[in-house]
Every structure is written in structure tokens, then in C-alpha cells.
Ligand code: NAD
């Protein structure tokens, strides 16, 4: 069984490794030769283009690319996946992109006779390495069943979110809520500390009260409140501010296109835009607490 994997970055490389570990022949392509070489050293086969990789796949083609423009180029470009993939081979795009582009590509694949799903992920690089990702899948039910075994070699949970594009909808809505809750947690922590509370005591109160949320109880942004989270190691690792800014841009643009108000999402987008422009793009997104504690 052979799987083509295109996009071997922070997420894609460990996902491709897990497919190798599951006993699949993995045919890889990336513009970055070093990324390809690292996978080849682990037993994967290098391809010369997305088309070359796709041509050799009989079980699935998986893509894990930065943004919509890259995904479009990889599928519909001159040496793209759709130019060469075998009839009926299912396609999985796990990149985070806008729902509209996902739906257009799924329609183009269907016109060629290839089922395609949008399957963005939650779980970050740690989840990608451990094979515990959650996939949010937009697909017809039969397309999902075709790709489920492949997804389960890279993740632990598969959430069927509805038809094509709805995986991206779920991902964008989740990350918009995450950004808003992180900013809210940072703001409330900073106020409490300014008014005299010990930060760990305050977090403990939130976490047994109605203010409890993942940003407060599992990823607290205040330094020293929790161990093994980015705030305890100078905001390194984790989920980068630049990626959160990208997802908020996708969410607010989707809201604009739908004519749907997203006031707090727009405010969160602007805060992360400012934070990125101020030189914090490389820090974990919980570093937004620096807006409130005088460090930014
Ligand atoms: P990354 O930038 O580390 O990797 C992207 C890879 O794609 C790079 O190796 C790059 O060389 C390659 N690439 C770019 N254009 C290409 C092309 N035309 N052909 C072949 N390869 C090409 O990004 P990442 O962190 O792995 O994220 C990938 C996707 O997953 C993004 O959409 C991101 O939003 C999403 N995501 C990331 C995380 C995370 O924690 N990093 C978590 C969830 C979702």
C-alpha cells in the first residue's frame, strides 16, 4: 500500500513518519530538499513533483501545506496532483485553509473521479509526533470511510463535521474561540495580579469556577502558574503567534463573506496583528499576555 505525502514541515514530517511506521510505502515531496532527505533516511521514497508522488500512490494522497495558495498550486498546477493521480485514489488535505478553496478543490477532484476530504488537524506538533491528532473532516460519508484508516495512523480522533469544507469551518471556529479565550484569560489574570492576587491562586479559582477554560486550566499564559507550557519556558514551542494570526484572518474573512458578525474575532485578529507586527511572531500565542503585563 503506498501513500503520497506532500508538505514535510513541522506537522507533515512527523505525520509521514507515522505512516511509515504503520508499514506503508510513503512517497514524499517538498520544495525543501533537507525535509525530503530526512524522510528518505527513514525509509520513504523521494518524488520529483506532486504529480510524480501522486502517480505512485494507490491508497491515498495527503497534503500538509502552509496556506491556500500552496494547496491550490500542489493540486491544480502543471505538475500537480490532479494531473497524475490514479482514478479513484482518495485525496486528503490536512492544511488549514479557507472553506471556499477547500470546496473548489474537492469539486475539481470529484470531476476527475477522485474522492477528496478536507481534514485539518488539532493537536500541534506534539500530537503529530505522537500520532494523537484530531482530524476535523469535511466530506461525504463514503469519502470519509475511504480515508479513515489512513487518518487513524496519524491521529486518535476523527470528527465528521459535515460535507466538503466543513472541516475547515470547524477548525477556524475552534481557533477563533481559542484566541478569544486566551486573550480573556490573559486580561483577567493581569487584572487580578494588578489588584493584589497571587497568580497561581487566581488561576486555581478560575479553574474551579465559571471562568474555567482550556486557556486557563491547561495552557495558562501567566509565567510560573503551570509547568510544561510555553509560559513557563519563555513562550517557546507550542502554537506560534504567526499561525494564530493566519487562522484568525481566515475566520474573519469567512465571517465577512458570510455577512456574519464576529466582533470579538475581529478584535482578536487585530490584537494578534499588532502583536506580530511588534516582533512577537515567533512566540507561542499565549505570549499575548505581554500586552497586559508591560512586556510588549
Ligand atoms: P511548515 O511551514 O512547517 O511546513 C510546510 C511545508 O510545506 C514546508 O516544508 C514547505 O517547504 C512545504 N511546501 C510549501 N509549498 C510547497 C509546495 N508548493 N510543494 C511542496 N511543498 C511545499 O507548516 P506546518 O507547521 O507543518 O503547518 C502545515 C499546516 O498545518 C498549516 O496550514 C498550518 O496552519 C496547519 N497547522 C499547524 C499546526 C502547528 O502547530 N504547526 C497545528 C495545526 C495546524
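Of these, 251, 268, which one is buried (at least 21 other Cβ atoms within 10 Å of the Cβ) and away from the ligand (no atom under 16 Å from the Cβ)?
268
Which members of region 81-96 meet the condition of being more than 8 Å from the ligand (Cβ to nearest atom) and in a loop (DSSP other than H, G, I, E, B)? Break it down stepwise before answering.
Taking region 81-96 as the starting set, the residues that turn out to be more than 8 Å from the ligand (Cβ to nearest atom) are 81-93.
Once the filter is applied, which keeps residues that are more than 8 Å from the ligand (Cβ to nearest atom) and in a loop (DSSP other than H, G, I, E, B), region 81-96 yields 84, 85, 86, 87, 88, 89, 90.
Of the numbered conditions (1) more than 10 Å from the ligand (Cβ to nearest atom); (2) closer than 23 Å to residue 88 by Cβ, residue 28 satisfies every one except a single condition; which is it?
(1)
Provide a single number: the residues in region 55-80 that are within 12 Å of the ligand (Cβ to nearest atom) and closer than 14 Å to residue 2 by Cβ.
Of the residues in that region, 1 qualify.
Just wondering, is there one or more residues in region 107-119 that are within 9 Å of the ligand (Cβ to nearest atom), over 17 Å from residue 65 (Cα atoms) and without any contact (Cβ under 8 Å) to a residue 40 or more places away in the chain?
Filtering region 107-119 for residues within 9 Å of the ligand (Cβ to nearest atom) gives none.
Scanning region 107-119, I find no residue that is within 9 Å of the ligand (Cβ to nearest atom), over 17 Å from residue 65 (Cα atoms) and without any contact (Cβ under 8 Å) to a residue 40 or more places away in the chain, so the answer is no.
Just checking, does region 67-80 include any residue being in a helix (DSSP H, G or I) and closer than 18 Å to residue 150 by Cα? Before the answer, list the steps.
Quick first cut of region 67-80, residues in a helix (DSSP H, G or I) only: 68-76.
If we keep only those that are closer than 18 Å to residue 150 by Cα as well, we get none.
The answer is no, given that none of the residues of region 67-80 is in a helix (DSSP H, G or I) and closer than 18 Å to residue 150 by Cα.
I need the helices (runs of 4 or more DSSP H) fully contained in region 194-279, keeping only those with at least 1 residues that are within 24 Å of residue 126 (Cα to Cα) and touching a residue at least 24 places away in the same chain (Cβ under 8 Å).
Output list reads 214-217, 241-258, 263-275.
Would region 6-19 turn up any residue that is more than 12 Å from the ligand (Cβ to nearest atom), surrounded by 22 or more Cβ atoms within 10 Å (Cβ to Cβ), under 24 Å from the mean Cα position of the chain (by Cα) and in a strand (DSSP E or B)?
Of all residues in region 6-19, those more than 12 Å from the ligand (Cβ to nearest atom) come to 17-19.
Checking which are surrounded by 22 or more Cβ atoms within 10 Å (Cβ to Cβ) leaves us with 17, 19.
Next, only the ones that are under 24 Å from the mean Cα position of the chain (by Cα) stay: 17, 19.
From what's left, in a strand (DSSP E or B): none.
No: region 6-19 contains no residue that is more than 12 Å from the ligand (Cβ to nearest atom), surrounded by 22 or more Cβ atoms within 10 Å (Cβ to Cβ), under 24 Å from the mean Cα position of the chain (by Cα) and in a strand (DSSP E or B).
Each value in this text was obtained by applying a stated rule to the coordinates, not by laboratory testing. Bear in mind the structure is a predicted one, so any value in this text is a computation, not a measurement. As a convention, Cβ positions derive from the backbone with ideal geometry for all residues, glycine included, and neighbour counts pool all protein chains shown.
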